[in-house]
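K.L.:
Please see the structure below; I have some questions.
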Amino acid sequence: MRERLIYEFMTDDDLLRISKTIEALETKTSGEVVVSIKERATLFGGDFREEAKKEFERLGLAATRDKTGVLFYVNLERRKFVVLADSGVDEKIDPSAWNQVAERASNRFQDGEFGAGILEALEDIGEKLAGPLPIKPDDVNEIPNGVIVRR
């Protein structure tokens, strides 16, 4: 049996810090942020963005009350990641803003600092969401804040 690929990139402490960062940033925004990490590539590969969109749907991000879901999706084996936002976010924040988030994370990833790269990306995401999508008085946490890691 193969070892978990995630542990070649991050520690349990990194994963916990990422979860806590999501929890903290969601106290300032109505956005729902999820980090999903897939360890292995799908059997037939395919279009990476489509893979991420399927994950977005699978996790229920497209079903949030105000369409304010944001996914930071990583496939470790494919060495790829993407930031996807739902229509409620895209109405308020230029989708090209996620390119800046991705560039910053990519620089950290290239240095082998995967946990730090995701944490910095989350900080950027939180800052971008907080202004145009502030927390609402009746806001509820629609999606759990833990990092999703799948084989």
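K.L.:
Consider segment 1-37. How many of its residues are in contact with a Lys or Arg (Cβ under 6 Å, 6 or more places away or on another chain) and over 30 Å from Pro134 (Cα atoms)?
P.N.:
Summing the residues that are in contact with a Lys or Arg (Cβ under 6 Å, 6 or more places away or on another chain) and over 30 Å from Pro134 (Cα atoms) in segment 1-37 gives 0.
K.L.:
Go through segment 1-104 and tell me which helices (runs of 4 or more DSSP H), entirely inside it, have 3 or more residues that are basic (Lys, Arg).
P.N.:
Here the list reads 48-58.
K.L.:
Another question, then. Please go through segment 115-151 and give me each residue that is among the β-branched types (Val, Ile, Thr) and either assigned to a loop (DSSP other than H, G, I, E, B) or within 11 Å of the chain's Cα centre (by Cα) (or both), ordered by number.
P.N.:
Those that are among the β-branched types (Val, Ile, Thr) and either assigned to a loop (DSSP other than H, G, I, E, B) or within 11 Å of the chain's Cα centre (by Cα) (or both): Ile118, Ile125, Ile135, Val140, Ile143, Val147, Ile148.
K.L.:
Another question about this same structure. Only one of Val101, Val70, Val147, Val140 is surrounded by fewer than 13 Cβ atoms within 10 Å (Cβ to Cβ) and closer than 14 Å to Val33 by Cα; which?
P.N.:
Val140
K.L.:
Counting only residues that are within 19 Å of Ile6 (Cα to Cα) and within 15 Å of the chain's Cα centre (by Cα), which one in segment 23-47 is surrounded by the most Cβ atoms within 10 Å (Cβ to Cβ)?
P.N.:
Val35
K.L.:
From the list Arg108, Arg58, Arg49, Arg78, which residue is in contact with a Lys or Arg (Cβ under 9 Å, 6 or more places away or on another chain) and of a type outside the set (Asp, Glu)?
P.N.:
Arg78
K.L.:
If you check every pair at least six apart or on different chains, which have Cβ atoms under 8 Å apart with a residue in segment 70-93 that is at pLDDT 95 or above and β-branched (Val, Ile, Thr) first and a residue that is surrounded by fewer than 20 Cβ atoms within 10 Å (Cβ to Cβ) and not in a strand (DSSP E or B) second?
P.N.:
Val82/Phe48; Val82/Arg49; Val82/Ala102; Val83/Ala102; Val89/Lys67; Ile93/Pro132
K.L.:
Let me ask something else. Take Arg4 and tell me if it is within 12 Å of Val149 (Cβ to Cβ), out of contact with any helix residue (DSSP H, G or I) (no Cβ under 8 Å at 6 or more places or on another chain) and surrounded by fewer than 21 Cβ atoms within 10 Å (Cβ to Cβ).
P.N.:
The answer is yes for Arg4.
The values are calculated or read from the model by the stated rules, or taken from the named source; none is laboratory data. Keep in mind the model is a prediction, meaning the values are calculated, not measured. As a convention, Cβ positions derive from the backbone with ideal geometry for all residues, glycine included, and neighbour counts pool all protein chains shown.
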